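So the structure is just underneath, and the comments pick up after that.
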Amino acid sequence: MHKRKLIYNILSAVFLAVSLVVLIVYSSANHGSRQIDREARMLSKRLEQRVRVMDEYVDKALSEPKDGWLDLGNLPSDMVVYRYCSDTLQSWVNEFPVYNDNIVSNTYFPFITDPGRSFLSPLSSIGDSLCFVNLGQSWFLAKSKTSYNCTVIAGLEVSTIYGWVPRPSASLHLHYNYSISPLSDDGGVPVCVGGRPVFKLMNDNLNPGAGSGGSSLLWIALVSLIISSFFFLVADRSVRRMWLSILAIVTVVTLFFLWGRNDGGSSILFSPILYASGAFFYSLGAVILLNLAVVLVISCLFITRDDISSRLAGNRERWTLFALSLLTAAGVLVYAHFLLTSIILNSSISLELFKPTELTPFSVMVYASFITLLTSIPMLVQLARCVAPAKVRFRFNAFSIGGKIAYSFLIAVYLLCTSGVLGFQKEQKRMEVLASRLSFDRDISLEMRLRAVENQIAGDMIISALSVFSNSAATIQGRITDTYLSQGEQNYTVSVYVFNDSNNTPVALDQYNDLLKDGIPIADNSRFLFVKRDSSRSYYVGVFLYMVEGNGISRVLVCLESKDIRSNRGYAGIFGITPPGKVTIPSGYSYARYEGISLRSSHGSFGYPTQMSPDMKSVIYDKKETSLTMGGYTHFFTLVSDNEVVAISRAKITPVTYFVSGVLVAIITYILLSIVGIGRRRRHNYGWNFFRTRILELLLVSLVLTLVSMAAVSVYFVSSRNEVNMHTMISDKIISIASLMEAGVGNVSRSEDLNYPQLRRLMEQVGSDTNSDVTIYSPSGHLLMSTYPMVFEMHLLGDRINGKAYSEIICSHKKYYIQKENAGQISFYSMYAPIMGRQGNVIAIICSPYNEENYDFEEDAFIHTATVFSIFLLCLMLSLFLVSRIVDKMFRPLSEMSRKMNSADLDSLEQIEYKRNDEIAAIVHAYNRMVVELSESSKKLAQAERDKAWSGMARQVAHEIKNPLTPMKLQLQRVIRLKEKGDPTWQIRFDEASKVILDHIDILTDTANEFSTFAKLYTETPTLIELDVLIREEIAMFDNKDNIEFLYLGFDDVKVMGPKPQLTRVFVNLINNAVQAIGDAPDGKITVSLRNSTEPGYYDIVFEDNGPGVSPENESRLFTPNFTTKNGGSGLGLAISRSILEKCGATIKYHRSYTLSGACFTIIYPKELPSESISGGSIFGQDIR
């Protein structure tokens, strides 16, 4: 025990030292300008290492054969290498995000969709010295190296923009509170490479999450201090240490709480952007800290509950603490429910475990915090159980296996129900907002763009000249699209209709009127009209009149029709881009609009009926239901008007998903409860359970290996199946796209012969038919066009095709190629295929990203893995329970045999009933046979021992009687002789002899009483004794001596069970010994104390005096029969007292008094009587809680 306390104290000191060191490091690392200088020097060293690696790849690129594709092996993703031969890009590994990668100055870059782009290539200015250049949304350290006619340009990415926030490259290992800027910017510290400054390192504390580097040190310090406090408390589970630990924990958490409010806003965890609910719960970090403080304080109370209980003297204190424990448990439940509800409703954090794609690391933090918080409830229940008054004391153990299982599933059900119900309410509100946006047909951003270009279109002389010709609609469309509507074309299909003298027919007139029917001008005096059609696609038509001399008036109608109500196909879905004027439907949801009972439009995997059923109409229009589950889908309805409704649908969450989620939460809770309660288990002698433990361990290991193997094989099988299925779907899709493109191109032999306006229309049509984005590259790898050019304009992707894909298509002549690519922190699959010309040559290369919205393979794999994992853990726990029960049942006869042999004596050995016929049966039969034989032998031995005991007792009685009879006989004989001689002094001698005889008669009486008491030791029945009253009565009997002062220290209303006459004799014996030890000495003092023992469940009854005490050489013989230091004593008093106390379950020990310097006898007496003692066993046992 002492060694364990020493270890805990050492660990407490170690963790305290760690926390102090971390705080010192944090203080020096986050204050002053020294830190940024030190970080700049460290960054310089890292950059020099990275640049040396890049130079090695540059040299390798120069040494590789020039007639083959460049192979640099595993070039790091933050490095780019371009190799030019005779100023022509021959090979590249990774890509620079630039439009023009030629290195010849003033080179014209053809086929650019945006005429405003610069004709100068940014790569042409890179020289042989390292320079800091901005390429697209990234900053590079770049340099070039030339050998003969070969030039290699290499770049190391040092910074890029993610979500409008500049972030250093991950390979630089910079914290987010630093950013990189050009040398021309003000402030910052220059970073040198090769002794020359290349850029500046800036300290930026304004970005959310910027302080994560420093805050991580504070978290480490906080955890270290908490661990130190707990080791300090566990070393000595006393109330004094409890208050010190609570004070330390509350102080540290409070300081951290205040730091989060004042300086922690730079960390997203303490930012109100993530969550805020008032001044107190100002962030998610504040909630986590408060939850942590509550759990830690309750844990301190839980750890010291035994010492707390031992200090409660009266029932009033017990009732008070008992009520406070239960009220605190109820308060924790209310507090947890309030905060959980607030987080679900007032933040963007999803806590619906059955929707894994919506979960974030913050979801895990919230669940971990609240599960930990709710584990404090069993601690409070155990505390209440420990301090409860005797009248309401209950035996329920919250940390028993049954208690932990029941509570774990209650927590799982509560968390799932709360997150499910409140999450569904939040989802309903979100769907209402989404439906309101979907019900609005007009595109405001497009209308503003149309207003800006309509006058330019009306004044375009080229369009005016073309409008007089027949079949000029396609040419005018190309002119309008390329010049005025290049951005709008990616979201709308642009059509042009020309009406002039060449087609002045009734059919043309009907078409003209039909296009303009019900049109509403988008603004006053605007040429563009908004036309609400039967489809949900926004339809705009512009009317332009051109007067050409000699040809009359020509009318040109420019129509723009929305391509798709949803914008999450292809690149938009991958990068999360919502084009202006569009509404993005979340993945997995379907959408429909009804006018009356007729379907107006729909999109998604759910098959909406074209006509509502009467029941459905009643539910939506009459009953005003906002949600409904049927047909395996959950539907959300929003009434836009009395005759129009928007329906948004998603697949219903299956019971299996709920079950898996609940099992995961329950298992995590059970493990946490097991960790909390592990210190309170009984410690068994391992040697007594050696074989049982070995068998259990063997079965456990076998079971775990089997289940792990099955789970791993199952997960691997599903992952492999998903990979194969996904590859099959991707390959089928790219083959279909390539086939459609080749069929549309026709008999083109060279890439130079491609008709780009026609190719653009073909690309748009194929993309619409296959629900994909299509990008076309030239045979040299340049970007030609894309159905979604926004990703290239935003520099999310470079204009150069992926080098590996280009090599596989051009050099390896593959029919198609599929690979996983990265753009920043986003990963996706890209599909590549060549477009073959009439002569079998490659005239273009197509690329299409794979973003299948109807089926998510990764989500399916995740759900399957989680299901397998949950079932695995559930089966493991169930198997452990069954295996434990089976092993216990197998060893039960042996355990029963051991118990009976330990608890019984030779006279009361019992046989074991075992009806099976197995290996253990032989042991049981041998044991039963031994019991019979031992019973017979014990009877003979008992008889012999009784005879011997009576013989010894007779000798002892004879000895005790003979000793006083001898002097009595001698005195009488002497008196008789004197009388016979007629000696007159015989009368005097007679008086002396009478006194001696009377004294020895008293000795004989005392001896008889001693043996009588000894005979009654096993016959008296325990009764309820008011211990305080009994002690006071015995002290009062002896408090009649003027030279002795009695002092009693105790408390009232102390009741125990025991044999009152025998306990009275013990107290009388101890007090009488103290009185006799003091004798006639002046200023005698005797102190009797009644107090709670340091051993839980016991009282200490202490008898002290200021007499001479017992000499050290006699201390070991104090309780030995027939030993006495008094004249005329029998030597049985203390021996009989110890026997009485031992039969009561108590102990007595002697040591010299520290206060009075005399003798000190301490009786450790149990507070309660176990049931087995009442029936005749030992009187007092230990109350195990």
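The values are calculated or read from the model by the stated rules, or taken from the named source; none is laboratory data. In this text, all values refer to a predicted model and were calculated from it rather than measured experimentally. Heads up, the Cβs are rebuilt from the backbone with ideal geometry, glycines too, and the neighbour counts pull from every protein chain shown.
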Restricted to region 46-74, and to residues that are modelled with pLDDT of 90 or more and under 37 Å from the mean Cα position of the chain (by Cα), which residue is surrounded by the fewest Cβ atoms within 10 Å (Cβ to Cβ)? Arg46
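Let's see how each residue does on (1) crowded, with 16+ Cβ neighbours inside 10 Å; (2) at pLDDT 70 or above; (3) in the same structural domain as Leu740 (by TED's automatic domain parsing); (4) closer than 30 Å to Pro789 by Cβ:
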site	(1), (2), (3), (4)
Tyr855	no, no, yes, yes
Glu858	no, no, yes, yes
Ala861	yes, no, yes, no
Ser870	yes, yes, yes, no
Leu878	no, yes, yes, no
Lys889	no, yes, yes, no
Met897	yes, no, yes, no
Taking into account only those residues within region 538-562 that are among the hydroxyl-bearing types (Ser, Thr, Tyr) and under 58 Å from the mean Cα position of the chain (by Cα), which is modelled with the lowest pLDDT? Ser538
Right, Phe362: surrounded by 13 or more Cβ atoms within 10 Å (Cβ to Cβ) and either in contact with a strand residue (DSSP E or B) (Cβ under 7 Å, 6 or more places away or on another chain) or assigned by TED's automatic domain parsing to the domain that holds Val295 (or both) or not? yes
Among the numbered criteria (1) buried (at least 18 other Cβ atoms within 10 Å of the Cβ); (2) part of a loop (DSSP other than H, G, I, E, B); (3) modelled with pLDDT of 85 or more, which one does Leu485 miss? (3)
Looking for something within 30 Å of Arg305 (Cβ to Cβ) and of a type in the set (D, E, K, R) - is there at least one such residue anywhere in region 1087-1094? yes
Check region 734-755 and report whether any residue there is touching a helix residue (DSSP H, G or I) at 6+ places or on another chain (Cβ under 8 Å), part of a helix (DSSP H, G or I) and surrounded by fewer than 14 Cβ atoms within 10 Å (Cβ to Cβ). no
Of all residues in region 77-93, how many are closer than 17 Å to Glu157 by Cα and either modelled with pLDDT under 90 or in the same structural domain as Lys804 (by TED's automatic domain parsing) (or both)? 2
Boolean, Glu352 is at pLDDT below 90 and surrounded by fewer than 18 Cβ atoms within 10 Å (Cβ to Cβ): no
Residues satisfying the stated conditions in region 236-269, i.e. in a loop (DSSP other than H, G, I, E, B) and in contact with a helix residue (DSSP H, G or I) (Cβ under 8 Å, 6 or more places away or on another chain): Asp236, Arg237, Ser238, Ser267
Would you check if Asp1100 is acidic (Asp, Glu), part of a loop (DSSP other than H, G, I, E, B) and in the same structural domain as Ile1031 (by TED's automatic domain parsing)? no
Report yes if some residue within region 797-807 is in a loop (DSSP other than H, G, I, E, B) and either surrounded by fewer than 22 Cβ atoms within 10 Å (Cβ to Cβ) or in the same structural domain as Thr160 (by TED's automatic domain parsing) (or both); otherwise report no. no
If only one of Ser77, Ser63 is free of Cβ contacts under 8 Å to residues at least 40 places away in the same chain and on the phi < 0 side of the Ramachandran plot, which one is it? Ser63
Given the residues Phe232, Phe322, which is the only one that is out of contact with any strand residue (DSSP E or B) (no Cβ under 8 Å at 6 or more places or on another chain) and within 16 Å of Leu380 (Cα to Cα)? Phe322
Only one of His782, His795 is on the phi > 0 side of the Ramachandran plot and touching a strand residue (DSSP E or B) at 6+ places or on another chain (Cβ under 8 Å). Can you tell me which? His795
Search region 618-636 for residues being of a type in the set (Val, Ile, Thr) and in contact (Cβ under 8 Å) with a residue 24 or more places away in the chain, and hand back the single one that is surrounded by the fewest Cβ atoms within 10 Å (Cβ to Cβ). Thr626
Expected single match for surrounded by fewer than 21 Cβ atoms within 10 Å (Cβ to Cβ), free of Cβ contacts under 8 Å to residues at least 24 places away in the same chain and not in a helix (DSSP H, G or I) among Asn455, Asn397 is Asn397
Would you please list the contacts, defined by Cβ atoms under 9 Å and residues six or more apart or on different chains, that run from a residue in region 226-238 that is basic (Lys, Arg) to a residue that is not in a helix (DSSP H, G or I)? Arg237/Thr304
If you go through region 311-324 one residue at a time, do you hit one that is in a helix (DSSP H, G or I), crowded, with 19+ Cβ neighbours inside 10 Å and among the β-branched types (Val, Ile, Thr)? no
From Leu434, Leu383, Leu422, which residue is at pLDDT 90 or above and either buried (at least 16 other Cβ atoms within 10 Å of the Cβ) or assigned to a helix (DSSP H, G or I) (or both)? Leu422
Residues of region 270-304 classified as touching a residue at least 60 places away in the same chain (Cβ under 8 Å) and assigned to a helix (DSSP H, G or I), total: 14
Which residue out of Gly1145, Gly1181 is modelled with pLDDT of 80 or more, within 15 Å of Tyr1099 (Cα to Cα) and either touching a Gly at 6+ places or on another chain (Cβ under 8 Å) or assigned to a loop (DSSP other than H, G, I, E, B) (or both)? Gly1145
